1. In the range 53-67, what residues are surrounded by 15 or more Cβ atoms within 10 Å (Cβ to Cβ) and either in contact with a Phe, Trp or Tyr (Cβ under 9 Å, 6 or more places away or on another chain) or assigned to a helix (DSSP H, G or I) (or both)?
2. Of all residues in the range 108-154, count the ones that are hydroxyl-bearing (Ser, Thr, Tyr) and without any contact (Cβ under 8 Å) to a residue 12 or more places away in the chain.
3. Under 9 Å by Cβ, and 6 or more places apart or on different chains, what pairs join a residue from the range 63-76 that is under 14 Å from Glu51 (Cβ atoms) with one that is surrounded by fewer than 24 Cβ atoms within 10 Å (Cβ to Cβ) and of a type in the set (S, T, N, Q)?
4. Select from the range 197-222 the residues that are within 23 Å of Asp20 (Cα to Cα) and either outside any helix (DSSP H, G or I) or modelled with pLDDT under 95 (or both) and list them in ascending order.
5. Among (1) buried (at least 17 other Cβ atoms within 10 Å of the Cβ); (2) part of a loop (DSSP other than H, G, I, E, B); (3) of a type outside the set (Phe, Trp, Tyr); (4) touching a helix residue (DSSP H, G or I) at 6+ places or on another chain (Cβ under 9 Å), which single condition is His166 missing?
6. Mind listing whichever residues of the range 129-138 are closer than 10 Å to Asp173 by Cβ and either among the β-branched types (Val, Ile, Thr) or surrounded by fewer than 23 Cβ atoms within 10 Å (Cβ to Cβ) (or both)?
7. Select from the range 89-126 the residues that are of a type in the set (S, T, N, Q) and either closer than 15 Å to Ala78 by Cα or loosely packed, with under 14 Cβ neighbours inside 10 Å (or both) and list them in ascending order.
8. Within the range 76-88, track down each residue that is of a type outside the set (Ser, Thr, Tyr) and surrounded by fewer than 20 Cβ atoms within 10 Å (Cβ to Cβ).
Amino acid sequence: MGIQIAPSILSADFANLERDILAVENADWLHVDVMDAHFVPNLTLGLPVVERIAQVAPMPIDTHLMIEDPDHWAPRYAEAGASSVTFHLEAAENPVAIARDLRRLGARASVAIKPGTPVDSLLDVLTEFDMVLVMTVEPGFGGQAFMPDMMPKLRSLRARADELGHDLWLQADGGVARDTIAEVAAAGCDVFVAGSAVYGAADRHAEIEALRSIAREARTDA
């Protein structure tokens, strides 16, 4: 599985979402952050908007649910057209059941962990998930500083997936940019969420290609 770049529309212009989605059409995924102002102290968008985004985006939708009660809501985002649905371990009552529901609906099942959450509880159930998202900032707001001390989590997850022979994707979200992406790639990450780095660039297409190239080189050297 190759390096994949997923620009986050949290850094896009919400009044011109379709324009800004098409501005990153060379990306592998479109990362859509759903926040409910309860699980995290921010409010973004919800199910009807994600459904419409899925209809107009030229790339698959990677939906990151920073919300309470993902046991109820996560499958509904798969039904709305998200190709990958990520829910937070900290908010889930039964993460394995959620993952199985998502897979049954044809979506990739992904679980996310906050910076303060250890990976230990995931190591024995990794095969239930298609991807694990390791937050490299505190979830809730874009533009935060990258947390390099999250790299051991990625390495632990990659080592366990390899031990199990499981084709697990690892995703990092938060502070991913040209000066940090090589470190993340070397730690075993496959999917890189980049919001400010991409949407703050003068040439968004070129920025995506630059991030992809740096990550590929770092993975080759690792």
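The values are calculated or read from the model by the stated rules, or taken from the named source; none is laboratory data. Please read all numbers here as calculations on a predicted model, not as lab measurements. With ideal geometry, Cβ positions are generated from the backbone for all residues, glycine too; neighbour counts draw on all protein chains shown.
1. Hits for the range 53-67 are Ile53, Ala54, Met59, Pro60, Ile61, Asp62, Thr63, His64, Leu65, Met66, Ile67.
2. 0
3. Thr63/Ser83
4. Correct list: Gly200, Ala201, Ala202, Asp203.
5. It fails just one condition, (1).
6. Result: Val134, Thr136, Val137.
7. Asn94, Ser110, Ser121
8. Across the range 76-88, the qualifying residues are Arg76, Glu79, Gly81.
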